[in-house]
Amino acid sequence: MAQFSPQDLAAHLKNGLLSFPATAFNSDLSLDEAGYRSHIEWQSSYDVAGLFAAGGTGEGFSLSPDEAARVVELAVSSSRPEVPVLASASGPTVQAVRNVRDAEAAGAEGVLVLPPYLTECDQDGLYEHVAAICEATSIGVIVYNRANAIYSADTVARLADNHANFIGFKDAIGDIEHLTKVYAKNGDRLFYLGGLPTAETFALPLLQLGMSTYSSAMFNFVPEFALDFYADVRAQNREAVTEKLNRFVLPYLDIRDRGKGYGVSIVKGGLKAIGRDAGPVRPPLHSLSDQDVADLAGLIDAAKIRPNTEIKIGA
């Protein structure tokens with residue numbers, strides 16, 4: 001049984017930092033259950049508002065439905081009860097419905113709807129896809145506005161009007177006019193989170209558009225820094241945000257941009273750099289080179305943000 005109602009979940013998530021834990025793999029690319037449990041225990045020992053298991057940073061796109069269900073189950077059982085775990089619903093509608101049912105059965109509090117695979121979608125099709133997911137579960141549902149799933153303000157409102165468990169809108173496009181329309185049309189009925197890669201870069205300006213939170217990939221390996229950055233954003237402390245951008249975030253982007261797909265790979269590179277290796281990424285992604293990892297480790301040290309790798313709060 002979920003600890004949070006969908007509405008309580010939205011209220012909880014909108015006022016804290018969110019993250020997508022990396023999924024640990026063994027050298028043969030099989031799921032490393034012990035490694036993943038350890039990572040979730042460490043991540044949830046911090047004051048993070050929610051963890052999205054088997055999401056983009058967690059390489060959910062490379063997981064079979066059975067693996068995705070297991071990853072969510074492991075995340076739920078390994079996190080502190082105070083930290084809600086959300087899952088992902090991806091692929092065709094029938095698979096997304098299975099994902100959300102598996103997630104609810106595992107004890108997840110909500111689900112993020114990833115774009116359907118490949119095919120172009122019109123607004124009616126997107127509505128029916130998300131509506132089927134909402135109708136298949138009682139937990140909270142959030143849509144991810146990106147790629148081939150660009151939800152109009154009217155479609156978002158239609159979902160909100162017809163499905164009480166539709167609670168959130170995550171954006172990875174950054175179209176200011178579109179975001180303004182979505183927020184103006186739906187207001188406080190939903191909560192809004194930023195999902196542009198690397199979210200810290202855009203966090204302060206998007207706050208002005210109603211996006212009170214975002215998903216931080218770097219929380220995976222520098223959680224204290226990520227939480228401090230979020231606090232500065234919420235305080236609208238531009239000077240502190242700019243200092244942290246220059247000290248770590250912008251140089252980090254330079255390493256991230258050395259290879260395609262490094263937005264995910266660099267997270268595992270960061271974990272390796274701090275001594276909490278979560279294994280390789282699965283193809284078609286490729287892991288950072290040894291030099292990239294060394295450069296990232298040097299940046300972490302130069303920025304003076306190497307974290308405490310022990311559990312912070314009893315999980």
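Points worth noting:
- Angle of helix 223-234 to the longest C-alpha principal axis of the chain, folded into 0 to 90 degrees and rounded to 10: 50°.
- Apolar share of the accessible surface for the range 1-151: 50 percent from carbon plus sulfur atoms, 1.4 Å probe.
- Under 18 Å of direct C-alpha separation, and excluding same-chain neighbours fewer than eight residues apart, K244 reaches these lysines: K304.
- Rounded to the nearest 20 debye, the dipole size of the chain about its Cα centre is 340 debye, using +1 on the Cβ of Lys and Arg and -1 on the Cβ of Asp and Glu.
- If the convex hull is drawn through the Cα atoms of the range 83-133, its volume per residue in Å³: 64 Å³
- Taking every DSSP helix (H) stretch of at least 4 residues in the chain, weighting each as -39,500 (n - 2.57) and dividing the sum by the residue count yields a mean residue ellipticity at 222 nm of -13000 deg cm²/dmol.
- The listed peptides 271-278, 297-304, 194-201, ordered by packing as a protection proxy, come out as 194-201, 271-278, 297-304 (highest mean of other Cβ atoms within 10 Å first).
- Normalised by residue count, the chain yields a Cα convex hull volume of 117 Å³ per residue.
- Centroid-to-centroid separation of the range 39-69 and the range 120-177 [C-alpha atoms, Å]: 21 Å
- Angle between the chain longest axis and helix 65-78 axis [Cα atoms, degrees, rounded to 10]: 70 degrees
- Among S216, T180, I305 - extreme Cα towards positive end, dipole of the chain, charges at beta-carbon: I305
- DSSP finds beta bridges in the chain, and of those with both partners inside it, around 10 percent are antiparallel.
- Relative to the longest principal axis of the Cα atoms of the chain, the long axis of helix 153-162 makes an angle of roughly 70 degrees.
- What you get for the range 1-107, charging only the Cβ of Lys and Arg (+1) and of Asp and Glu (-1), is a dipole of about 280 debye around the Cα centre.
- For the chain, the solvent-accessible area of protein heavy atoms averages 41 Å² per residue (probe radius 1.4 Å; ligands and nucleic acids excluded).
- The range 55-170 shape via C-alpha gyration tensor axes, a/c threshold 1.5: prolate
- Long-range Cα-Cα pairs in the range 137-275 (distance over 26 Å), rounded percent: 30 percent
The values are calculated or read from the model by the stated rules, or taken from the named source; none is laboratory data. All of these numbers come straight from a predicted model, not from anything done at the bench. Virtual Cβ from ideal backbone geometry, glycine too; neighbours counted across all protein chains shown. When the accessible area is computed, the model is the full protein with side chains, heavy atoms only, and any ligands, DNA or RNA have been set aside. Shrake-Rupley method; radii C 1.70, N 1.55, O 1.52, S 1.80 Å.
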